[in-house]
Amino acid sequence: EWKWKMDPPDKIVSEAIACHRGMIKEMKGVPGVKPERLAEGIDVKHCALSLVGEPIMYPEINELCNRLHGEGISTFLVTNAQFPRAIERLVPVTQLYVSVDAGNKESLKAIDRPLFSDFWERFLLCLQKLRDKRQRTVYRLTLVNDW
């Protein structure tokens with residue numbers, strides 16, 4: 001059960017678009033910035049849902065994705081494959097990335113320091129759920145030198 005404060009999807013989308021446009025507008029008048037490129041950049045085209053925790057845990061992730069799609073914004077969601085039910089319930093996104101940080105249970109435990117004791121089973125089940133969704137999926141490999 002979610003017990004933390006959270007922003008609603010409409011606020012996240014509207015503020016993200018406003019911030020994006022604000023940053024683009026700051027480039028007006030900068031030497032070398034072409035007006036046509038500035039005009040092209042003002043519209044948000046893509047949104048990566050990753051890098052700060054596990055986005056699939058956000059209780060309103062489906063509504064957030066739907067709102068982004070409603071604005072004509074593609075969605076790229078990254079998951080660490082630990083929440084099979086959330087993956088099963090996830091609405092289609094433009095591209096779904098799965099972080100594959102190790103090729104076996106022992107390495108995954110050492111590298112990711114998982115929260116769940118059944119992390120390997122969750123990981124494998126998530127891969128099955130992803131296959132069953134039959135949507136565009138990318139397996140993002142993390143390579144560690146001398147591991």
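Based on a Kirkwood Rh over C-alpha pairs, give the Stokes-Einstein translational diffusion coefficient of the range 1-44 at 25 °C and viscosity 0.890 mPa s in µm²/s. It would help to have the intermediate numbers written out before the result.
Working: Rh = 12.3 Å.
Taking Rh from Cα pairs, D becomes 199 µm²/s.
Using 14 Å as the cut-off for backbone N distance, which residues of the range 99-120 belong to the label zone defined by a point 7 Å from the Cα of Gln128 along Cα→Cβ? Counting only backbone N, you get 120. Can you tell me the orientation of helix 9-25 relative to the chain, as the angle in degrees between its alpha-carbon axis and the longest Cα principal axis, to the nearest 10? The two axes meet at around 50 degrees.
Test of understanding: in a Gaussian network model of the chain with alpha carbons linked when under 10 Å, which of Gln128, Gln82, Gln95 would top the mean-square fluctuation ranking? Of Gln128, Gln82, Gln95, the most mobile in the Gaussian network model is Gln128. Using the rule -39500 (n - 2.57) for each DSSP H run of four or more residues, divided by the residues of the chain, the 222 nm mean residue ellipticity is -13000 deg cm²/dmol. To put it simply, the accessible area of the range 1-92 at a 1.4 Å probe is 56 percent carbon and sulfur.
Distances longer than 24 Å among the Cα atoms of the chain: what percent of all pairs is that? Please report the intermediate quantities before stating the final value.
On the way: 4681 of 10731 pairs.
Here the tail beyond 24 Å accounts for 44 percent of pairs.
Calculation over all alpha carbon pairs of the range 74-123 in 10 angstrom steps from 0 returns a P(r) of 23, 51, 24, 2 percent. Straight-distance candidates among the lysines for linking to Lys34, with alpha-carbon spacing under 22 Å and chain neighbours fewer than 8 residues away dropped: Lys25, Lys45. Taking amide H as placed 1.01 Å from N in the peptide plane, Leu49 has its amide H under 5 Å from the amide H of Phe76, Leu77, Val78, each at least 5 places away in sequence or on another chain. May I ask for the net charge around Glu1, where only other residues with Cβ less than 15 Å from the Cβ of Glu1 are counted and Lys, Arg are +1 while Asp, Glu are -1? Around Glu1, the surrounding residues sum to +2. For Thr137, the residues 5 or more places off, or on other chains, whose built amide H falls under 5 Å of its own are Leu96. 3J(HN,Hα) along the range 124-135: 5, 5, 4, 4, 5, 4, 5, 4, 5, 5, 6, 10 Hz, from the Karplus curve 6.51 cos²θ - 1.76 cosθ + 1.60 with θ = phi - 60°, whole Hz, x for Gly and Pro.
The values are calculated or read from the model by the stated rules, or taken from the named source; none is laboratory data. All of these numbers come straight from a predicted model, not from anything done at the bench. Backbone-built Cβ (ideal geometry, glycine too); neighbour counts: all protein chains shown. For accessibility, only protein heavy atoms count, side chains too; no ligands or nucleic acids. Shrake-Rupley method; radii C 1.70, N 1.55, O 1.52, S 1.80 Å.
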